[in-house]
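Coordinate-derived values only; no laboratory data. Since we're looking at a predicted model, the values are computed, not measured. Glycine also receives a Cβ, built like all others from the backbone with ideal geometry; neighbour counts cover every protein chain displayed.
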Amino acid sequence: MSRYISNNIIPAIKTSGLTKTFGDTIAVDGLNLEIRKGELFGLVGPDGAGKTTAIRMLSAIMEPTKGEAWVAGHSVISEGETVKEKIGYMSQRFGLYEDLTVIENILFYADLYDVPKKERPLRIESLLGFSNLTPFQDRLAGRLSGGMKQKLGLACTLIHTPEVLFLDEPTNGVDPVSRRDFWKILYDLLKEGVTIFASTSYLDEAERCTRVCLMNKGSILMDDNPAAIKRSLGLPMFEMWSDEARKAAEIIKTVKGVHSASLYGNKLHVAVNSRELMDDIIIELGRSGITIRGHREILPSIEDIFISRVERQ
Amino acid sequence: MKLVRIKAIAKKEFIQIWRDPLSLAMAFLMPVMLLFIFGYAITLDVNNLKTVIHDLDRSSLSRELIAGISASGYFKIVDYVTDQKDLDRYLDSGKALAAIAIPADFSESMARGRDVQLQVIVDGSDSNTATIGLGYISAAVEKFSRKVSRGKGQQLIDPRIRVWYNPELKSRVFIIPGLIAVIMAVIAALLTSLTIAREWERGTMEQLIATPIKAHELILGKLLPYFTIGFIDIILSVLLALFLFNVPLKGNIFLLMILSGIFLFGGLSLGILISTVAKSQLVASQISMVVTFLPAFLLSGFMYAISNMPAALQFITHIIPARYFVTILKGIFLKGSTLNLLITETVLLAIFGLIVFGMANMKFKKRIA
């Protein structure tokens, strides 16, 4: 088994036509992925895109309907239990015992993974340290804040030093400061050589990944590094401010040569075929009595790209 | 199999039960409460049967008969009526459940040695009470007639009836051991039926099945703490039987405990099996009530003799573990049975336990459907 760890040719995760159907609905549709060791892979997509199903199959807790997947060199179908020894999995819903304390939860998972007694004190100290949970180790898990719960969940899945880490929307419902802390931890893990596969519905988080995969309705729409994805639009994008942004968006969409127009509060992101089109748009809006308080060209965010791709699909 | 994982699960369960006062109370108080309630409520004895007397003879002899019946303690004479219609009204209204009418020639016939007919009416709508009441009345009358005819040189049949195992025929004495079996069948399944369903409901199971723990490690780990609780429940029940209900323990207490342990293993495994099939606590508890309580209550021979059941039903009783446990407990408590006499029941209980444990292991999948 150790040859898999040292052998860099074997990808951390590989899927081939991985499919899951529930009755008539196709949750994951023929997923083909190859993720190298040490990648921070972000799976992005709206609710119901199939992210959770994909992660569950990769963690060997859900049987695929069709296709195959290998994690850390082992088949999730025929060697599911071996896969489970190599990975850490953190479910979307908090999966720890709320009536156990922080340290009891960690020790419980240390026992389940049979972490050698000698290694435990150091390991636990460092896990509590990086998650800032040291002062709370005797607190019941149910009494922790959302952010601390997620960090405890992460600490428990890391107790056995997994090769691959699966995180299903780990920062869902967590405040921005804790989210930043959480990602800092992930970067540290990355430096230790852990492969991280995380799903998220926060598109700003996707930009922190080394590789981003856009998933919608069970299929992959895009799969590249964040910079390449942002360039993939190939069209200039403008940000506009207006007090009647919603109304403005509807009008802009009717202008010929406008690729997409999406709303962010009182801001609009408009992708156009050529920069000259902006003058036409402003004139058109003026005719409808809508004033534009300003506009500037911007680099599209992953969110912009994603919205335009999902809309096109 | 890794002991460290079994220990981890068992320890975790212990902590969780300990920190949840409600489940702790349920685990220890429920069997005691049930034994208490059923022990006092289920009685096949008839006491203070409300009786009305219609005495047409009004002689010293008839009064002596009435006094004899009254003194038995089984009857409570509610009224003396002079009219047949009043007697009917008492029975119709349910104010009396039995009536005794003494004919006008009662003392005269007795004196001349003629046959005397007493009219005894009982309310047959409660057939159980009626049958027992009739038995008591004939016993009282027989006793009276024997007493009256004594000294007249008449040869009297003197039936000497002896009742074994429960000499005073106190129904409670033979109900309690069986009742313990029924209650433990329900409690055992109920205790464990919630434990896996709860983990699915709370979302902790998804995290658990992503670890390398084996199904049998998880199940054994979950059985251990509940086995301890179940065993304490049995000890509590036996103590109540001995000291509150004064049930004699004729057999060996250690044999009782060991065989109870075998029964517990099967009962708890059944709960786990139910829990692996039903993924919500509500459904799990309902299923375990239905599959344990009704068969244990009706088909174990605890209340109704298995030999009186139709053949098909008799056949079904063989797969009900409570049946064997009822026999074991009644045997050890009342007859002082040894293992030799109970070996069939013991072996069958063990087989049941192993099969159900095996099925629970097979049914528990470390996968989300």
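Assorted remarks:
- GNM flexibility winner over chain B from B:I332, B:I351, B:I15 (Cα, springs under 10 Å): B:I15
- Nitroxide proxy distance, nm - points 7 Å out along Cα→Cβ at B:A67 and B:I319: 6.2 nm
- Residue order, fewest to most beta carbons within 10 Å, for A:M237, B:M1, B:M309: B:M1, B:M309, A:M237
- Projecting label points 7 angstrom from Cα along Cα→Cβ for B:A305 and B:D105 puts them 4.0 nm apart.
- Relative to the current alpha-carbon distance between A:S126 and A:T210, full extension at 0.36 nm per residue lengthens the span by 27.7 nm.
- Applied to the range B:172-184, the Karplus parametrisation 6.51 cos²θ - 1.76 cosθ + 1.60 on θ = phi - 60° returns per-residue 3J(HN,Hα) values of 4, 4, 8, 6, 4, x, x, 4, 4, 4, 5, 4, 5 Hz, with x for Gly and Pro.
- Relative contact order (percent, whole number), the range A:111-204, Cα cutoff 8 Å, 6+ residue spacing: 30 percent
- Summary of the geometry: the range B:50-76 and the range A:233-273, compared by the centres of their Cα atoms, lie 105 Å apart.
- Ranked list, fewest to most other Cβ atoms within 10 Å of each Cβ, for B:D233, A:D279: A:D279, B:D233
- Three-way shape label, chain A, alpha-carbon gyration tensor, a/c 1.5: prolate
- Contact order relative to length of chain B, as percent, for alpha carbon pairs under 8 angstrom and 6 or more apart: 21 percent
- The slack in the chain from A:D138 to A:L299, taken as 0.36 nm per residue of separation less the alpha-carbon distance, amounts to 53.2 nm.
- Listed by chain and number, the aspartates and glutamates placed with their C-alpha closer than 12 angstrom to that of A:K37 are A:E163, A:E192; residues fewer than eight positions away on the same chain are left out.
- Listed residues B:T82, B:T195, B:T292, most fluctuating in chain B (Gaussian network, C-alpha, under 10 Å): B:T82
- Computed FRET value (nearest 0.05) for A:T291 with A:K184, which takes r as the C-beta separation and R₀ as 35 Å: 0.25
- In the structure shown, the pairs A:K51/B:K363; B:K12/B:K222; B:K214/B:K366 are assessed against 20 Å; a Cα-Cα span above that value is assigned to A:K51/B:K363.
- Efficiency of FRET from Cβ geometry, B:D88 and B:I42, R₀ 45 Å, rounded to 0.05: 0.90
- A:T21 paired with B:K7, simple spin-label distance in nm, labels 7 Å along Cα-to-beta-carbon: 4.9 nm
- For the range A:112-127, 3J(HN,Hα) per residue [Karplus equation, 6.51 cos²θ - 1.76 cosθ + 1.60, θ = phi - 60°, Hz, x = Gly/Pro]: 4, 8, 6, 5, x, 4, 5, 7, 4, x, 5, 4, 5, 4, 6, 5
- Listed residues B:E142, B:E217, B:E345, most fluctuating in chain B (Gaussian network, C-alpha, under 10 Å): B:E142
- Cross-link partners of A:K230 among lysines (Cα-Cα below 21 Å; sequence separation of 8 or more within a chain): A:K267
- The lysines within cross-link reach of B:K50, meaning a Cα-to-Cα straight distance under 19 Å and a gap of 8 or more places when in the same chain, are B:K76, B:K85, B:K95.
- Ranked A:E125, A:E284, criterion: other C-beta atoms within 10 Å, fewest first: A:E125, A:E284
- Over 24 Å (Cα to Cα) - which of A:K118/B:K11; A:K20/B:K365; A:K20/B:K279; B:K11/B:K330; A:K20/B:K2 fall in this group: B:K11/B:K330; A:K20/B:K2
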